[in-house]
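Asks: Have a look at the structure that comes next, please.
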Amino acid sequence: MNEDPQTRTVRHDRKSLPDRVISGDESSRDFHATRRKLFINLIKKRVKPGTGSSLEFLDRRTWTYPVANIQSIIQKTPFVVVGGIATRLYMPERMTLDLDILVKAEDKFKVYRELDLAGSQRIGELSISGSQWNLPDGTLLDVLEFSEKWVSDAVSSPNYNPNGLPIIALPYLVLMKLQASRSQDLADVSRMLGGTQESDLQEVRKVVRVYLPDAAEDLESLIALGKLERGE
């Protein structure tokens, strides 16, 4: 029997969604903590100071690849961009073809209404709390809908890209990537934090200590690896 495309669950493993395990149980947290350790230990064995990309490249912040004009669709409900597109504000740009946004779980029906009114098509539910949509321009949009305590702060205090797109603040983006702990997520954390000012690093540490304290030591290792890439 064919699944109804309007109600099926989206299970495909796309790019590294940063919070696919954000509400996991203790066994999930242990698994991801182990994965972080393995990744960090492997990189420590191989990295040498200054053997990464040039500082000119590492300090580059661009928005070359187009991003769907989601602000023209979601005009009333607070949201922040997360995932690969969000990293462009904090590290050299890498190509990603779709768009992830984070909203408070209590606001999800408001977002659905705005997406519907704009002619977006709902594809199905994500395997985490959220839904996937096809925007009118063909962009795949993942709406991540979470109720964790930090989400309200993350949504209400974004940074902005040159076009005014609300981007999740660095501490919460790092938190999400540490929770997922995929190789790309951890590499992103290291690269984003390697050149970050100490005052901003303190803000990252504060958020991680509160919401993911067992990752505090791994965070320091990833910061150190990021600095090594820069020859520091």
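Asks: How many residues does region 97-118 contain that are within 20 Å of G138 (Cα to Cα) and either open to solvent by 30 Å² or more (accessible area, probe 1.4 Å) or assigned to a strand (DSSP E or B) (or both)? Break it down stepwise before answering.
Replies: Taking region 97-118 as the starting set, the residues that turn out to be within 20 Å of G138 (Cα to Cα) are 97-102, 111-118.
Retained after the next criterion (residues that are either open to solvent by 30 Å² or more (accessible area, probe 1.4 Å) or assigned to a strand (DSSP E or B) (or both)): 97, 99-102, 113, 116-118.
Of the residues in region 97-118, 9 are within 20 Å of G138 (Cα to Cα) and either open to solvent by 30 Å² or more (accessible area, probe 1.4 Å) or assigned to a strand (DSSP E or B) (or both).
Asks: Among the residues of region 206-232, how many are part of a helix (DSSP H, G or I) and either closer than 19 Å to M91 by Cβ or aliphatic (A, V, I, L, M) (or both)?
Replies: Residues in region 206-232 being part of a helix (DSSP H, G or I) and either closer than 19 Å to M91 by Cβ or aliphatic (A, V, I, L, M) (or both): 17 in total.
Asks: Continuing with this model, one more query. Looking only at residues that are of a type in the set (G, A, S) and touching a residue at least 60 places away in the same chain (Cβ under 8 Å) in region 70-96, which one is surrounded by the most Cβ atoms within 10 Å (Cβ to Cβ)? Give the steps one after another, and end with the answer.
Replies: Narrowing region 70-96 to residues of a type in the set (G, A, S): 72, 83-84, 86.
Narrowing the set further to residues that are touching a residue at least 60 places away in the same chain (Cβ under 8 Å) leaves 83-84, 86.
Working: G83: 26, G84: 23, A86: 31.
Here the residue is A86.
Asks: Does region 138-151 include one or more residues that are aromatic (F, W, Y) and touching a Phe, Trp or Tyr at 6+ places or on another chain (Cβ under 6 Å)?
Replies: Scanning region 138-151 turns up at least one residue that is aromatic (F, W, Y) and touching a Phe, Trp or Tyr at 6+ places or on another chain (Cβ under 6 Å).
Asks: Just to verify a result, which residue in region 207-232, among those that are touching a helix residue (DSSP H, G or I) at 6+ places or on another chain (Cβ under 7 Å) and over 14 Å from R36 (Cβ atoms), is most open to solvent (accessible area, probe 1.4 Å)?
Replies: First, pick out the residues of region 207-232 that are touching a helix residue (DSSP H, G or I) at 6+ places or on another chain (Cβ under 7 Å): 207-209, 211-212, 214-216, 218-219, 221-223, 225-227, 229-230.
From what's left, over 14 Å from R36 (Cβ atoms): 207, 209, 211, 226-227, 229-230.
Values: V207: 16, R209: 131, Y211: 76, G226: 1, K227: 58, E229: 34, R230: 46 Å².
Across region 207-232, the extreme among qualifying residues is R209.
Asks: In addition: Would you be able to say whether some residue in region 140-147 is in contact (Cβ under 8 Å) with a residue 40 or more places away in the chain, over 15 Å from the mean Cα position of the chain (by Cα) and farther than 19 Å from Y211 by Cβ?
Replies: Within region 140-147, one or more residues are in contact (Cβ under 8 Å) with a residue 40 or more places away in the chain, over 15 Å from the mean Cα position of the chain (by Cα) and farther than 19 Å from Y211 by Cβ.
The values are calculated or read from the model by the stated rules, or taken from the named source; none is laboratory data. This structure is a prediction, so every number in the text was calculated from the model and none was measured. FYI the Cβ positions are ideal-geometry reconstructions off the backbone, even for glycines, and counts take in every protein chain you see. Calculation scope for accessible area: heavy atoms of the full protein, side chains included, ligands and nucleic acids excluded. Shrake-Rupley method; radii C 1.70, N 1.55, O 1.52, S 1.80 Å.
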